[in-house]
1. From the set of residues in region 52-70 that are without any contact (Cβ under 8 Å) to a residue 12 or more places away in the chain and within 17 Å of LYS80 (Cα to Cα), which is surrounded by the most Cβ atoms within 10 Å (Cβ to Cβ)?
2. Can you tell me which of GLU125, GLU97 is modelled with pLDDT under 85 and in a helix (DSSP H, G or I)?
3. Search region 15-38 for residues that are within 23 Å of ALA96 (Cα to Cα) and pair each with any residue that is charged (D, E, K, R) and in a helix (DSSP H, G or I) when their beta-carbon atoms are under 6 Å apart and the residues are at least 6 apart or on different chains.
4. Condition (residue is modelled with pLDDT under 95 and touching a strand residue (DSSP E or B) at 6+ places or on another chain (Cβ under 6 Å)) applied to region 158-165: is it met by at least one residue?
5. Looking at (1) out of contact with any Leu (no Cβ under 8 Å at 6 or more places or on another chain); (2) crowded, with 16+ Cβ neighbours inside 10 Å; (3) of a type in the set (D, E, K, R), which is the one condition that is false for LYS80?
6. Give region 22-62 a look and list any residue that's within 15 Å of ILE95 (Cβ to Cβ) and either basic (Lys, Arg) or in contact with a His (Cβ under 9 Å, 6 or more places away or on another chain) (or both), or say none.
7. Would you be able to tell me the number of residues in region 138-149 that are surrounded by fewer than 18 Cβ atoms within 10 Å (Cβ to Cβ) and not in a loop (DSSP other than H, G, I, E, B)?
8. Would it be correct to say that GLU54 is outside the structural domain of HIS129 (by TED's automatic domain parsing), acidic (Asp, Glu) and modelled with pLDDT of 90 or more?
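The values are calculated or read from the model by the stated rules, or taken from the named source; none is laboratory data. Since this is a predicted model, take the numbers as computed values, not measurements. Don't worry about glycine lacking a Cβ; one is built from the backbone with ideal geometry, like all the others, and counts go over all protein chains shown.
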Amino acid sequence: MKTAKYENNDYYRQQNLPFEKFAAFGSESLTDSELLAILLRTGTRGVNARELGERVLAQTARYGNGLLGLYHISVKDLQKIEGIGKVKAVQLKAIAEFARRMARAKAKNGLSFHDPYSVADYYMERFRHENVEYILLLLLDSGYHLIGEEIISKGTVNASILSPREVFAHAFRNGAAGIMLLHNHPGGNPVPSENDLLVTERISRTGALADIPLIDHIILGDNSYFSFKESKLLTDTQSP
């Protein structure tokens with residue numbers, strides 16, 4: 001029979017027993033530093049694994065909130081933390097990449113190019129952590145199936161840089177019946193800028209002339225998105 005102290009969640013934290021806490025209460029009961037302690041397994045001189053996990057979180061905070069910083073921090077910068085050598089640094093980066101792939105695989109199960117939410121959900125983990133803007137061109141066949149994707153710009157979305165000729169060269173080369181644009185806003189707010197509006201209008205008009213319609217332009221923020229299709233801002237849109 002469990003005693004009162006073992007039924008108390010705080011006991012495991014105070015005694016630095018993340019494994020035992022996991023077994024008793026499940027993974028959701030653990031703090032970020034306790035989860036890292038399980039992965040790190042050992043600490044360093046005078047510092048236990050949980051405290052080392054707290055050091056990691058403090059170092060990665062400049063790259064993103066909480067555990068998100070692990071995705072952006074480099075192996076080299078992780079090794080600057082006392083107690084984190086090359087092996088542990090690589091292990092932490094591998095876990096960050098594994099989590100990203102799991103999130104994308106989960107989203108792929110519900111992916112439908114008829115549904116802006118589904119598209120945004122699928123590509124969210126790929127782009128929401130990026131520090132610069134990327135424009136992704138999605139090439140679709142007549143049944144709304146993805147036949148290709150291309151990064152066509154990196155940096156600020158600018159109407160003078162993004163050429164309709166380049167966009168539709170990709171479309172013609174791949175035999176696309178329709179296209180979608182998707183790009184991220186590193187600041188986290190998906191509301192379109194004036195440049196976003198201008199770029200979308202130019203591509204949409206060219207698509208109507210080329211008989212390869214722009215089905216949607218989706219902007220990704222931080223766990224949020226904006227769809228030109230849902231907002232009825234694509235007046236020339238037709239089905240592929």
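1. Narrowing region 52-70 to residues without any contact (Cβ under 8 Å) to a residue 12 or more places away in the chain: 58, 61-63, 65.
Narrowing further to those that are within 17 Å of LYS80 (Cα to Cα): 58, 61-63.
Working: ALA58: 12, ALA61: 13, ARG62: 10, TYR63: 16.
Restricting to residues being without any contact (Cβ under 8 Å) to a residue 12 or more places away in the chain and within 17 Å of LYS80 (Cα to Cα), the top hit is TYR63.
2. Details: GLU97 fails: modelled with pLDDT under 85.
Testing whether each residue is modelled with pLDDT under 85 and in a helix (DSSP H, G or I) leaves just GLU125.
3. What qualifies is PRO18/GLU34; SER33/ARG50; SER33/GLU54; GLU34/ARG50; ALA37/ARG50.
4. Checked region 158-165: at least one residue is modelled with pLDDT under 95 and touching a strand residue (DSSP E or B) at 6+ places or on another chain (Cβ under 6 Å).
5. All conditions are met except number (2).
6. Let us first name the residues in region 22-62 that are within 15 Å of ILE95 (Cβ to Cβ), namely 27, 30, 32-41, 49, 52-53, 56-57, 60.
Of everything in region 22-62, those that are within 15 Å of ILE95 (Cβ to Cβ) and either basic (Lys, Arg) or in contact with a His (Cβ under 9 Å, 6 or more places away or on another chain) (or both) turn out to be ARG41, THR60.
7. The initial filter retains those residues of region 138-149 that are surrounded by fewer than 18 Cβ atoms within 10 Å (Cβ to Cβ), namely 141-149.
Narrowing the set further to residues that are not in a loop (DSSP other than H, G, I, E, B) leaves 146-149.
Counting residues in region 138-149 that are surrounded by fewer than 18 Cβ atoms within 10 Å (Cβ to Cβ) and not in a loop (DSSP other than H, G, I, E, B) gives 4.
8. Working: outside the structural domain of HIS129 (by TED's automatic domain parsing): yes; acidic (Asp, Glu): yes; modelled with pLDDT of 90 or more: yes.
It is true that GLU54 is outside the structural domain of HIS129 (by TED's automatic domain parsing), acidic (Asp, Glu) and modelled with pLDDT of 90 or more.
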